[in-house]
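These notes are about the structure you will find just below.
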Amino acid sequence: MYSWNEDTSDWYGDAKYAYSPAASAKREAAAKRAAASGPRTYEKKAHPNEKVIDPKKKISTQSKNPLIIAVDVTGSMASWPGEIFDRLPLLYNTLSQYREDLEICFVAIGDAAVDHWPLQVTTFASGFDLEQLLGSLYGEGGGGDAPESYGLFAHWVNTHVEIPKAEEVPFLIVFGDIDMHPVVPKDQINHYLGEKVRKDEDAIKAWKKVTQTWNTWFLRRPGGKQGDRIDKQWGMAIGEQKIFHIQDEQRAVDYAMGLVARKWGHFDNFQDNMRARQSEDKVTLISKPIEMICPSCGGPIPVDAHEHTLFKCPYCNTTLKI
C-alpha cells in the first residue's frame, strides 16, 4: 500500500524515482496528516458514509484542473474502490506534480433498479482529504440485470457539477465492464438526486452532453470483446475512440494516470514513475496503447509520429509531446 510521503525507496521496480520538488510542501503536509491518523486502511463495511456520499448535493471547484474518477461497484467490480484507495497517494502525488491545483471527485456507480446506494459521490478535494472522502464510498457489489446506472451518473454530472475555472477540457474517467440502462426513469432522478423532473432521461443523450464539457473515457475491464454490444452502446454515448480496453486489471490506475500524463505533456515522467514500481515489460505493456491514441479525442497516432518531438493530432488539433 502506497503512502503519502515522498519516500520511493520501497517501490518494487529497479529504477529510481523522485517527485518534483515543486509540490513538496503539499506532500509533506499530507504525510503529516496521514501519520497522525494512523496506518492506512480501507476497511470493509456494511454501508457508505451517507452524509458524505449523498448525490443530492451539488458540487463545484475553483480548480483549473478538476478530475472525476467514477467506478462501477457492482458484482466483480466491487473491489475496485479498494484498488484505487491502495494507490491513492501514488495517483494524487504523481498527477499533482504536473498540475498543482489538481482536485479529484470520486464516484461509485451501481444499479438504481436494485441497489441501496446506486450513486455515491464525493466533493472535489486534494491531498489527504481525498483519503477520507474515498474511504466514505462503499463497494456494494449488487447490481441486477446486466445494464447499470451509468446514465444516472451522467445526468448528475450535467446537473450537479460546476467547474467554472477549468482552462481546458478536464478528464472524466469511468472504470466499468458493462452497458447502461438506455433510459433513466424520472422517479430515479427525483428520488436519488432530489430533482423534480417530469420525464425520463435518455442515457445516451445525457452522456453526449457530458462529453461537451469533459474529456470522457470508458476504461473497460478485461474480458470484453472489442466491438461487442457494450462497446457499441458506449460508442454511441461518448465516441468509439474513447473506449479503452484495459489489458492488465491490476494496473487500472496506471492506465488512467498515463492518459492524463500524456495529455499534460509528462508521459516520459510517468513512465519513469512506473519503472520504479514495475518491470520494463510492464511499462511497455501499459505505455504502448496509450502512445498510439490522442489523449484528447482518442484518434489514432501514426507510428512515425515518434520521429518528432511534437505531434499535432489531425482529428482535434491537439499538440502532443511525443
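The values are calculated or read from the model by the stated rules, or taken from the named source; none is laboratory data. None of these values were measured; they are calculated from a predicted model. As a convention, Cβ positions derive from the backbone with ideal geometry for all residues, glycine included, and neighbour counts pool all protein chains shown.
From the list Q226, Q271, Q247, the one residue that fits, being among the polar types (S, T, N, Q) and in contact with a strand residue (DSSP E or B) (Cβ under 7 Å, 6 or more places away or on another chain), is Q226. Selection of segment 1-33 for residues being among the basic types (K, R) and either without any contact (Cβ under 8 Å) to a residue 12 or more places away in the chain or part of a helix (DSSP H, G or I) (or both) yields K26, R27, K32, R33.
List the pairs whose first member sits in segment 165-177 and is under 17 Å from A108 (Cα atoms) and in contact (Cβ under 8 Å) with a residue 12 or more places away in the chain, whose second member is assigned to a strand (DSSP E or B) and charged (D, E, K, R), and whose Cβ atoms are under 8 Å apart, counting only residues at least 6 apart or on separate chains? Sorted first by the residue in segment 165-177, then by its partner, the pairs are V174/D72; F175/D72; G176/D72; G176/E148; G176/R220; D177/D72; D177/R220. Which numbered condition trips up S9, out of (1) modelled with pLDDT under 95; (2) of a type in the set (S, T, N, Q); (3) in contact with a strand residue (DSSP E or B) (Cβ under 7 Å, 6 or more places away or on another chain)? The number of the failed condition is (3). Of the helices (runs of 4 or more DSSP H) lying entirely inside segment 208-296, those carrying at least 2 residues that are over 17 Å from the mean Cα position of the chain (by Cα) and either crowded, with 16+ Cβ neighbours inside 10 Å or not charged (D, E, K, R) (or both) are 229-238, 267-275, 280-291. Taken as a whole, the structure leaves S9 outside the set of residues that are surrounded by fewer than 18 Cβ atoms within 10 Å (Cβ to Cβ) and within 26 Å of I173 (Cα to Cα). Listed conditions (1) touching a Pro at 6+ places or on another chain (Cβ under 9 Å); (2) modelled with pLDDT of 90 or more; (3) not in a helix (DSSP H, G or I) are all met by G142, apart from (2).
Consider P118 carefully, then state whether it is in contact with a Ser or Thr (Cβ under 6 Å, 6 or more places away or on another chain), farther than 17 Å from I173 by Cβ and not small (G, A, S). The answer is yes for P118. Within segment 98-106, can one find any residue that is closer than 26 Å to P147 by Cβ, of a type outside the set (S, T, Y) and surrounded by fewer than 20 Cβ atoms within 10 Å (Cβ to Cβ)? There is no residue in segment 98-106 that is closer than 26 Å to P147 by Cβ, of a type outside the set (S, T, Y) and surrounded by fewer than 20 Cβ atoms within 10 Å (Cβ to Cβ). Among the residues of segment 145-171, which ones are polar (S, T, N, Q) and either in a loop (DSSP other than H, G, I, E, B) or at pLDDT below 95 (or both)? Within segment 145-171, just S149 meets the criteria.
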